[in-house]
1. Kindly evaluate B:Ala63 against the criterion of being in a helix (DSSP H, G or I), small (Gly, Ala, Ser) and at pLDDT below 90.
2. Which condition number in (1) within 14 Å of another protein chain (Cβ to nearest Cβ); (2) closer than 30 Å to B:Ala319 by Cβ is the one that A:Arg24 fails?
3. Which of (1) assigned to a helix (DSSP H, G or I); (2) out of contact with any Leu (no Cβ under 7 Å at 6 or more places or on another chain); (3) small (Gly, Ala, Ser) does B:Ala216 not meet, given it meets every other one?
4. Yes or no: A:Val198 in contact with a helix residue (DSSP H, G or I) (Cβ under 7 Å, 6 or more places away or on another chain) and either closer than 23 Å to B:Ala286 by Cβ or modelled with pLDDT of 85 or more (or both)?
5. Of the conditions (1) at pLDDT 85 or above; (2) farther than 30 Å from B:Asp301 by Cα, B:Pro417 fails just one. Which one is it?
6. With buried (at least 20 other Cβ atoms within 10 Å of the Cβ) and either more than 38 Å from the chain's Cα centre (by Cα) or modelled with pLDDT of 85 or more (or both) as the only criterion, which of B:Gly452, B:Gly400, B:Gly435 stands out?
7. From A:Val187, A:Val178, which residue is touching a helix residue (DSSP H, G or I) at 6+ places or on another chain (Cβ under 9 Å) and either more than 10 Å from every other protein chain (Cβ to nearest Cβ) or over 29 Å from A:Ala30 (Cβ atoms) (or both)?
8. Anything in region A:144-167 that is crowded, with 17+ Cβ neighbours inside 10 Å and either hydrophobic (A, V, I, L, M, F, W, C) or touching a strand residue (DSSP E or B) at 6+ places or on another chain (Cβ under 8 Å) (or both)? List them, or say none.
Amino acid sequence: MMNYIAAMRLLLVEDEQDIRSFLRLSLEEAGYEVDAASDGEAAERFSAENAYDILVVDLGLPDCDGISLILRLRQTGVKAPVLILSARRSVDDRVRGLEQGGDDYLTKPFALAELLARLRNLLKRNTPAIGESTRLRVMDLELDLLRRVATRSGEMLQLTPQEFVLLEYLCRNAGRVVTRSMILDKVWGMRIQPDTNVVDVHIYRLRGKVDGKGQQPLIRTLRGVGYVLKDR
Amino acid sequence: MSSKTGKPVMHSAAWRISLWATLAYACGTMLVFVFMHQFIAQDIQRRSDAWLTGEVEVLGDVAEHTPKDALYGRVMGEVAELASKEVPNRVRSESSGNDSVFFLQLGTNGAMQLWAGPGSSEPYAAAIQKATFSQDRPTDVNVAGTTIPFRVAMLPIDNGSRVYLGLSERDQLRVLRKLRVRFILWWLLLVALGFAIAFYTTRRMLSHVRSITEAASRIGHSDLRERVPASERKDEVGQLSRTLNRMLDRIENSMHQLHTITDSLAHDLRSPLTAIRGKLEMSLLAATHGEQAEPIVSAIDELDRLTEFLNASLDVAEARADALRLSRSEIDLDELLRIMVDLYEPSMAEKGLQIRLRSVGPLTVEADAALVHRMVANLFDNELKHLPASCTVTVRLESGDGVALLSVEDDGPGFAPEVSQHLFERRVKGKDSDGHGLGLAFVDAVVRAHGGSLTATNRENGGARIVLSLPTVPVHVA
């Protein structure tokens, strides 16, 4: 799948055997070099031996609280961003504090695509931003972010402002899967799980405008997962 | 509520209590004064009676022993004059002459023998003959032509005639009147002072109660960790705050337990759900044929619905126990509805439905954004799932009295009669509904957690109407 030039080192701290193994598998498949710890003690050992680019920490660990582990690691000089996983209902105030400090929080259960997207965001935040481009280009699709117009093979697409935002989001994540809830969150600013097909219809309409007759379809549906804008 | 201080003082309990207390106090002091007045009046009466009896005896004695010659009249006149100088309660400054005392001697046949007094003797003689006298006590006599009665003592002497000594009650009444005026002034002063003290103390006392009330209502709507201001006092107010705080301890404790239960329930269910979902996704990636993928896809969909059901269930359970945890922020409902209508419009159009928004414009509420988003999505999902084609959904946002009114109505078949009685109960759904039956129960729970209310009715012309009101300012029930 996605190969990075230098693989990112990731420390996964999760006590549940089932979750740990599938997370390790899918993270490795996504190109991370993964070390997996089942408790806080092992995590601290790993962290002392290696430098990690990013951490994924479950809040409920058998020997300690996930947050105290993160705070202890921070004290020992670990600066890597952390993605906190939690099956709890309420968001602890300390988690809010960590969120403000640049870390992220994801509630279980989650879609793998969302986990990967959040990890990418955390890593991006940690690397200095390179001059933001005003144009996005994916294959023969081009978006002018200032004039808010999109063209495909030089032909202008008639998009509503909302459709442009949706297409922009897909383009920024070209080649990567985005889920319905990610789209709802990023494009509409809603953290909801509708049990109707609202997002699908928007994508369907957008596809009708972007993928004209005789053109190579760019927007692909991955059933049960989400959507992907093809980049090759 | 802080606006309480703006209420007129007359409506406060302190005012009423001190008013009643002052009334009782005023009646009490008035009774004491009346009693004292009575006592003093009697005392004055007794003194002047004693003087009259004494003097009339002297006069009788003189009358008996003075020969009835030409000098008799002068002697008696002078004795009477002398006596009048010693009148009790007399006002010194005035009266050069004697106008408050008279002396009268009547013969056996009622013929006048001697008169010494102000003016003509006739009205006095007439009044005396009408009155009845006893020898022990002077009697009140009203003389025609004067307004103030005379107190008259009678003494029969040996020759069969009677001597009468009369004393006007004028001076006596004047003394009493003066006394009354002073009494009333003192009484008014005391009552005013009493009211001031009563009002000040009850107000102080009740201000503690008010601060407790304010704190308690604040706690009810925000944070259970807060406590009402505790005081060291041993009185009822101190007891009230201690009792309230103990009660809050217990409530917080049971809330905490409820949260622990829902949290661990969520945790115990979500962890396996995470594992299952992950494995399904992994196998979906491995599945190459559409036929293989199909059951996995539908399993993932089911799983997501189960997760959403679990979340909504726990929210409803917590809200029912008034224990829903809210993280409030300012939300513009107008903006939210515009986004939501924009989000749902294509899906509605695809089903042949129309959606319209009628809004008064920006209307801000302080609410939990995530819950309100899910609530509105729930309402729209309901319409989308249950309305037959070519219906219209009208979403209205209006501003009421301190509330934002959000209504969703349609011209569809309305609520089925078998469910319309139990719309907000969990797991109530129409026969052909494929939802989990939590929709309106969840909406109701969210609205109530925010201090609002929800009504769902069938419209007269057909169709369903759901109206929810949310306070535009956070409520602190007074």
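1. Yes.
2. (2)
3. (2)
4. yes
5. So the condition that B:Pro417 fails would be (1).
6. B:Gly452
7. Going through A:Val187, A:Val178 in turn, the sole match is A:Val178.
8. Passing the criteria: A:Ala150, A:Arg152, A:Leu157, A:Leu159, A:Phe164, A:Leu166, A:Leu167.
The values are calculated or read from the model by the stated rules, or taken from the named source; none is laboratory data. What you are looking at is a predicted structure, and each value in this text was computed from that prediction instead of being measured. In this analysis, Cβ positions are derived from the backbone assuming ideal geometry, glycine residues included, and neighbour counts consider all displayed protein chains.
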